[in-house]
Amino acid sequence: MCADSQAVSSGGRRGSVRLLPFLLLLFVASGAAALVYEVVWFQLLELVIGSSAVSLGLLLGTFMGGMCLGSLLLPRLVSARWHPLRVYACLELGIAVFAMAVLLLAPHGGRFYAAAVGFGMPGLLLRALICGLFLLPPTLLMGATLPAMARWVRATPEGVSWLGYFYGGNIAGAVLGCLVAGFYLLRLYDVAAATFAAALLNVAVGLAALGLASLTPAPGAGREASEGPARGVRLVYLAIGLSGFCALGAEVVWTRLLSLMLGPSVYTFALILAAFLTGLGLGASAGSLVARVTPRPRAALGVCQLLLAAAVGWAAWSISSTLPYLPISASLSPGPWYMFQLDLMRSLWVVLPAACLWGASFPLALAAAASPGEDTGRLAGRMYAANTAGAIAGAVAFSLLLIPWLGAQNSQRVIIALSAAAALAALAPLAGRIRTAPAVLCGLAAAGLLAAAVPAIPWEVIGYGRQMLNMRGFADPLYVGEGMHSSVAVSQTHGGIRQFHVAGKVEASTDLQDMRMERMLGHLPALLHSRPRSALVVGCGAGVTAGAFVTYPEVESIVVCEIEPLVPRVVAQYFTRENHGVLADPRTEVVYDDARHYILATSRKFDVITSDPIHPWVKGAATLYTREYFEMCKRRLNPGGVVALWVPLYQTTLEAVKSEIATFAEVFPGATIWSNHMGGPGYDVVLLGQAEPSRINLDALEARLAHTDYARVAESLAEVRFPSAVSLLQSYAGRTRDLGAWLKGAAINEDRSLRLQYVAGMGANVQGAEFILDDLLAHRRFPEDLIAASEARAKVLREALGY
């Protein structure tokens, strides 16, 4: 009887070994679905709680925190006697169910959030509650999948190496999910299609696992008597926790710096993440091979961490001293897909060495901590939790504290130092040996030298990003700062023009054409309104748009909503004359928050709302160009209120411009378009919308500007070559109701798709403003029923507009 039992057990183990490659494929598919969900959920919940660094920190912390808890709880709550594949199948099917629930419920989160704010619930607590409500259930199940499957193998070098393969396979799937979500599902479809695709993948994985479970008995892993924990195992957990802290910290730092050079579009972020995950997956596979054959996995883990100090130094040197000087001009690219290939290669060049070593650390740590007979589910759960907890702490610490406090250069030095500390923790039991100690000391000394040698980031990277080589020597820096959300700079050209830089591009300047647009955004809606008393300015920039409202005697309050604190506190001070000292004006209030979140949560109403976000191809900016956002703005208007929106015609495509105008027209059917063309090629336009469209009385407007109370208004307009009301109305470029045929088929940018950021991202290197404006003006008609004027002034305006 005993011999028969052993034979059955032996046969079961042989069957379980034969299934391991198939289980690895299941983990690949599971990882792909998980990354699709992560992209989708972050996109959905940012619409509710905002995209500030605090909000993103809460999202990331909740997502990874749920996985951490899931990996710890499953071995405690689920008996090792349960069939691992059946447990795994239930987890995958449960993830699909919760994913569909998030898709259905998340669009209603905004109403719940606004209602809770109205009852006085603290904003930070409420944001955390929203994140937990939506993300914790599915992420708990995601985190439990690795320890569930870990019980299929035994706590032997061979078994633990398969855990590393599972981990690597999951990451390989994540690379696929990241690219498919960013370049296909969300670019061509929406979050619903992406969620359905990922859920179907989960269901397929779950059903396949159930089918395999019915064919093979449980291998009985983890039910043997344990010999007790390995010696010094707590130091192994400390090492892998520090490794996770450094990995996510480096990802935060390098993503910020690489996005400046490559352009911070959704595609760039997807490519950087894919490069990082590729390294983790390759490293995990290599680490699994080493863990299977090495007699000293702890020593291998320590060496891995020491090599990480060198890899981080390599990345820091590449970002500062190599990539910015590569002779690559985005403007010469034959198309966006060519640039995407180059961007992927540059991302891999920077992050791949370090990412491979971080990936290898996980299976080596498993091997170092494993003891024969141990419950592999508990082992995998604890190790994954330690690594994930470190990753959460690293992501939050670097994004919210270390980069704003120390800057990118010193943050990378911290990563090198902590990598050396992780190596010391892993090698501590070996460091006292006479033959080992000198090597450890030499490694630590080398890490110190590497940290000291980390170069500074050239200011032109922050100022000009992709255009750095073309703009070198063009200007001198006046200020460079790395904030919580963005890296910003102020410079002055050799011609005396001051520039404000953010996201690796010039966002505002004292150049005449830039000044005209910034003041048009303020003056056009203020003059269209009969008596503006309150204004909300979305995006501070140089403060010029907000400063336009300072000149109006009837304006009582100016609210400036800015996500990056450095901009109003430091940057705008360099443009005090141009912005009329708006930030020192007692009527001005600065709100540091994501503008969409502020408009959702506030109960205040305004006579004028100006929205001047960054280019829509910049990741996150498209949320300020959606139909739902415009509807929120419309609800925050007083009777007779006006909304003004900046729409760039450069670094974009005709398809993207049509999408922006068509979406705005969905909410404001009588919207008007005003061009900043100065008689030359197109540049950018302003869209004006009202809940109750009104006529423009040209004679009354001229009288208003001639009044002594409006002397500062007239002076502000004259400085940007608008000496009269006629010259201001000469910028009229059409009405959306005249553009029916032109806008036919234009994609409406909605919260559920945010398709604009994918469409606009394809045109980030395109300079077709002149063509776009000419195409738009070809549909312009003289607005007989829009502008009332005396015969003489109407004739002058007609001639000015070319009629």
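With 12 Å as the cut-off, how large is the P(r) tail for segment 439-489, expressed as percent of Cα-Cα pairs? Looking at segment 439-489, the distances longer than 12 Å represent 71 percent of pairs. Taking the chain as the reference, fit the longest principal axis to its C-alpha atoms, fit the long axis of helix 157-180 to the helix C-alpha atoms, and give the angle between the two in degrees, 0 to 90, nearest 10. The angle comes out near 20 degrees. Over every Cα atom in segment 299-418, the radius of gyration and the widest Cα-Cα span, Dmax, amount to 18.3, 61 Å. In the context of the full set of protein chains, the chain has a per residue accessible area of 37 Å² (1.4 Å probe). When you count the other C-beta atoms within 10 angstrom of each residue and take the mean per peptide, 550-557, 499-506, 690-697 line up highest first as 499-506, 550-557, 690-697. With distances taken between every two different alpha-carbon atoms, segment 103-218 has a Kirkwood hydrodynamic radius of 17.6 Å. Remark on segment 244-303: ratio of C-alpha radius of gyration to 2.2 N^0.38 Å is 1.45. Probe radius 1.4 Å, ligands and nucleic acids ignored: give me the carbon and sulfur share of the accessible area of the chain as a rounded percent. Carbon with sulfur: 63 percent of the solvent-accessible area.
Given axes a ≥ b ≥ c from the Cα gyration tensor, I'd like to know whether segment 199-342 is rounded (a/c under 1.5), prolate (a/b larger than b/c) or oblate. Cα axes put segment 199-342 in the oblate bin. Using the Cα centre of segment 518-677 as the reference point, and only Cβ charges (+1 on K/R, -1 on D/E), how large is the resulting charge dipole? Debye, rounded to the nearest 20. The calculation lands at about 240 debye.
The angle between the Cα long axis of helix 437-452 and the longest principal axis of the Cα atoms of the chain comes to about 0 degrees, rounded to the nearest 10.
For the chain, averaging the sequence separation of C-alpha pairs within contact (under 8 Å, six or more residues apart) and dividing by the residue count gives a relative contact order of 13 percent. Residue separation of N410 and L77 scaled by 0.36 nm, minus their Cα-Cα distance, works out to 115.6 nm of gained length. Summarising the strand pairing of the chain, around 60 percent of its internal DSSP beta bridges are antiparallel. Here the chain is treated with +1 on each Lys and Arg Cβ and -1 on each Asp and Glu Cβ, and its dipole about the Cα centre works out to around 2460 debye. Entry note, the chain: the mean residue ellipticity at 222 nm calculated from DSSP H runs of n ≥ 4, each adding -39500 (n - 2.57), is -20000 deg cm²/dmol after division by the residues and rounding to the nearest 500.
Under unit Cβ charges (Lys, Arg +1; Asp, Glu -1), what dipole magnitude, rounded to 20 debye, does segment 714-803 have relative to its Cα centre? Mind dumping the intermediate values first?
Numbers: 11 positive and 12 negative charges, 46 e Å.
Magnitude of the dipole: close to 220 debye.
Full extension of the chain segment joining E799 with Y184 gains 216.5 nm, where the gain is 0.36 nm per residue of separation less the Cα-Cα distance. The value of relative contact order for segment 283-383, using C-alpha pairs under 8 Å at least six residues apart, is 54 percent. Our note on the geometry: Cα centres of segment 603-648 and segment 26-64, 25 Å apart. Report note on the peptides 649-655, 169-175, 293-299, 458-464: ranked by the mean count of other C-beta atoms within 10 Å, highest first, their order is 169-175, 458-464, 649-655, 293-299. Given their separation in residues at 0.36 nm each and the Cα-Cα distance between them, W337 and L105 gain 80.0 nm when the chain is fully extended.
How many percent of the alpha carbon pairs in segment 657-803 exceed a separation of 28 Å? Tail fraction, whole percent: 26. With the charge dipole of the chain set up from +1 on Lys and Arg Cβ and -1 on Asp and Glu Cβ about the Cα centre, the Cα lying farthest toward the positive end among the listed residues A354, F183, I661 is that of A354.
Counting only lysines at least 8 places from K619 when in the same chain, those with an alpha carbon closer than 25 Å to its own are K505, K634, K658.
Positive end of the dipole of the chain (Cβ unit charges, origin at the Cα centre): among A291, F245, G373, the Cα lying farthest that way belongs to G373.
Take every Cα pair under 8 Å whose residues are at least 6 apart in sequence, average their separation, divide by the length of segment 467-516, and the relative contact order is 23 percent. Taking Cα centroids, how far is segment 299-363 from segment 529-580 in Å? First find each Cα centre; the distance between them is then 41 Å. With viscosity set to 0.890 mPa s at 25 °C, what whole-number translational diffusion coefficient in µm²/s follows for the chain from Stokes-Einstein and a Kirkwood radius over Cα pairs? Diffusion coefficient, whole number: 87 µm²/s.
Residue farthest toward the positive end of the dipole of segment 548-645, with Cβ of Lys/Arg at +1 and Asp/Glu at -1: which of V550, A644, A584? Going by the Cα projections, it comes out as A644. Projected label points at K605 and E554, each 7 Å from Cα along the beta carbon direction, are separated by 1.6 nanometres. Put simply, the amide H of S487, placed in the peptide plane, has neighbours under 5 Å in A503, leaving out anything fewer than 5 places away on its chain. What angle, in degrees between 0 and 90 and rounded to the nearest 10, separates the Cα long axis of helix 2-49 from the longest principal axis of the Cα atoms of the chain? With both axes taken from Cα atoms, the answer is about 10 degrees.
If R₀ is 25 angstrom, what is the calculated FRET efficiency for the pair A446 and Y479, using the beta carbon separation as r and rounding to 0.05?
On the way: r = 36 Å, r/R0 = 1.42.
According to the calculation, E is roughly 0.10.
The values are calculated or read from the model by the stated rules, or taken from the named source; none is laboratory data. Treat the numbers as computed from the prediction; the structure is a model and nothing was measured. Using ideal geometry, Cβ is built from the backbone for each residue, glycine included, and neighbour counts are taken over all protein chains shown. Surface areas here come from the heavy atoms of the whole protein model, side chains and all, with no ligands, DNA or RNA. Shrake-Rupley method; radii C 1.70, N 1.55, O 1.52, S 1.80 Å.
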